[in-house]
Amino acid sequence: MKTIKPIIIKLDKLVYGGEAMGHLEDGRAVFVPYTLPGEVVRIQLVEERGGYARAELLEVIQAEAERTAPKCKHFFSLTPYSSPVGRGEGVRVCGGCQYQHMPYSGQLKAKTEILSDQLTRIGHIQHPPVHSIIASPESWNYRNQVQFHLDEDGRLGYQAAKSNRVIPISECHLPEGPINSLWPQIEVEAIPDLERLSLRLGANEDLMLILESRSMEPPEMEIEAGISVVHLWPGGMTVLAGSDHLLMEVCGRTFQVSAGSFFQVNTRMAEALVTHLLEILPLPVEMILEVYCGAGLFSTFFAPQCKRLIGIEASQAACEDFMINLDEFDHVELYEAAAEEALPALEVRPDIIVVDPPRAGLDRRVLDAILAMGATTLAYISCDPSTLGRDAARLTAGGYVLKQVIPFDLFPQTYHIESLSLFIK
């Protein structure tokens, strides 16, 4: 049996994904989670590819001064930075957070630098115009929704990093208070078809429990009064208690958000996004096209600023919410379709295009259609700087100039980076 010897390296910088990067003796990059640039660490390789490797952390030999003790017991911990964790199988380490070993100011600095680096390396944009990051007012207990997976015993937990293994948890410091008060009381029997369980907090501290399964047969459970409970399965929904939607409030507006609809999980930062978007766009205009418009969070504020607003959204639940949330406006059109199908067939010349795609970024057919439309202004809301970098390269090659990028920290304690980019034709 081959013995794998531990390796000692010094780490150079943080990279997107929550890891720090160093180099092995043969020059290959190696990525190590739960570490900081400048630290000297003992590691063990767990994955090797041609040009890089991944490792687990065995010991922090020389810690950086800014390293902090994690708040949550489920976050990776070496106390006093010298206990082996055993090939990533630590029983308490969940994959929900990556940055609890950093002070919040350090997290903000790291995310700004990573976003700039991705735009330079992947987007081929030298000196990208990245502004100072907008910090979250709350770095803990900021999430209005949290999604749990279930282990084989029906215990609530999160999936371990880069794994489908569910780590049952007894505490979490990311959800807002009412969610944190409720979820530890939930007891679920181990049901094979039950895949996920979510809690969402609306205005007036209304709560919704969302059960997702592969079967249309709802799981049996006792339901607390005053809480909406919805069962989702492929192709359908059943309301088990209360309502099929919650009301969310952003910038003085109320939004209906159904159980199957996406909504920003950090309400205060959703307000910051809306405010900055309205500030940087050249409003009012004749026509605005919003792609991946969801339940209408941004469109609701665009509608008074144009004579024609077109939304494109694939989710049926989100489209139904959109129609209700923008019912007062008679100059709004909505296409319920995948963006890559709707955009090429849409013969319009909008003044402004706004896109808020999923992590995969813009499909090539979407991007080609956007370039063909020739809008003078494009606002790109991104939740993944690597796909933003890829799409920025395509947009600049197609005649757009990246004028500014504003990062927003919607997800403190994690590596996720939201940003708002402004492209001008």
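The values are calculated or read from the model by the stated rules, or taken from the named source; none is laboratory data. In this text the structure is predicted, and so the values were computed from the model without any measurement. Don't worry about glycine lacking a Cβ; one is built from the backbone with ideal geometry, like all the others, and counts go over all protein chains shown.
Within the stretch 233-248, none of the residues are among the β-branched types (Val, Ile, Thr) and touching a residue at least 24 places away in the same chain (Cβ under 8 Å). Taken over the stretch 306-336, the criterion of being assigned to a helix (DSSP H, G or I) and among the hydrophobic types (A, V, I, L, M, F, W, C) is satisfied by ALA317, ALA318, CYS319, PHE322, MET323, ILE324. Number of residues in the stretch 40-61 that are under 17 Å from GLY106 (Cβ atoms) and in contact with a Gly (Cβ under 9 Å, 6 or more places away or on another chain) equals 0. For the condition part of a loop (DSSP other than H, G, I, E, B), of a type in the set (Gly, Ala, Ser), modelled with pLDDT under 95 and more than 28 Å from ILE169 (Cα to Cα), GLY95 does not qualify.
Can you confirm whether ALA369 is over 20 Å from the mean Cα position of the chain (by Cα) and surrounded by fewer than 16 Cβ atoms within 10 Å (Cβ to Cβ)? For ALA369, the condition - over 20 Å from the mean Cα position of the chain (by Cα) and surrounded by fewer than 16 Cβ atoms within 10 Å (Cβ to Cβ) - is not met. For the stretch 344-370, a residue qualifies if it is among the hydrophobic types (A, V, I, L, M, F, W, C) and either farther than 17 Å from ARG308 by Cβ or touching a Lys or Arg at 6+ places or on another chain (Cβ under 7 Å) (or both), and the qualifying residues are ALA345, VAL355, ALA360, LEU362, VAL366, LEU367, ALA369, ILE370.
For the criterion of being buried (at least 20 other Cβ atoms within 10 Å of the Cβ), touching a helix residue (DSSP H, G or I) at 6+ places or on another chain (Cβ under 7 Å), touching a residue at least 12 places away in the same chain (Cβ under 8 Å) and under 23 Å from ALA318 (Cα atoms), SER421 fails.
What do you reckon, is ILE133 among the aliphatic types (A, V, I, L, M), within 27 Å of ILE7 (Cα to Cα), at pLDDT 95 or above and assigned by TED's automatic domain parsing to the domain that holds ALA272? Answer is no for this residue.
Counting only strands (runs of 3 or more DSSP E) that sit wholly inside the stretch 98-190, those with at least 3 residues that are in contact (Cβ under 8 Å) with a residue 24 or more places away in the chain are 145-150, 156-159.
Examine the stretch 7-17 for a residue that is touching a strand residue (DSSP E or B) at 6+ places or on another chain (Cβ under 7 Å), outside any strand (DSSP E or B) and not assigned by TED's automatic domain parsing to the domain that holds ILE417, and state whether such a residue exists.
no
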